[in-house]
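**Student:** Got a structure for you, written out below as structure tokens; questions coming shortly.
The values are calculated or read from the model by the stated rules, or taken from the named source; none is laboratory data. Quick caveat: nothing in here was measured; it's all calculated off a predicted structure. Neighbour counts run over all protein chains shown; Cβ positions are idealised from the backbone, glycine included.
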């Protein structure tokens, strides 16, 4: 099933740009996803298995090195 997510990362420390850039780079490295980034969030479109696997891998990486909050909205995409 195709889904779209809108995700925002808010690192809760002084050095907040590097974790955001690192997370976006990890998202962009995954084949088969459509990624749009703006100043407020990143929109990711693709197969739900790929997106949820990405989140399962990358969110813990952010939390290992940062206090942070993620805001994630998920919607079923068009087939």
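To keep it simple, each residue is scored yes or no on (1) modelled with pLDDT under 95; (2) surrounded by 15 or more Cβ atoms within 10 Å (Cβ to Cβ).
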position	(1), (2)
12	no, no
36	no, no
39	yes, no
59	no, yes
68	no, yes
75	no, no
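**Student:** While we're looking at this one, here's another question. For the stretch 35-54, which residues satisfy the criterion of being closer than 18 Å to residue 20 by Cα and touching a residue at least 40 places away in the same chain (Cβ under 8 Å)?
**Tutor:** Scanning the stretch 35-54 gives 44, 51.
**Student:** Would it be correct to say that residue 5 is touching a residue at least 60 places away in the same chain (Cβ under 8 Å), exposed (fewer than 12 other Cβ atoms within 10 Å of the Cβ) and under 14 Å from the mean Cα position of the chain (by Cα)?
**Tutor:** no
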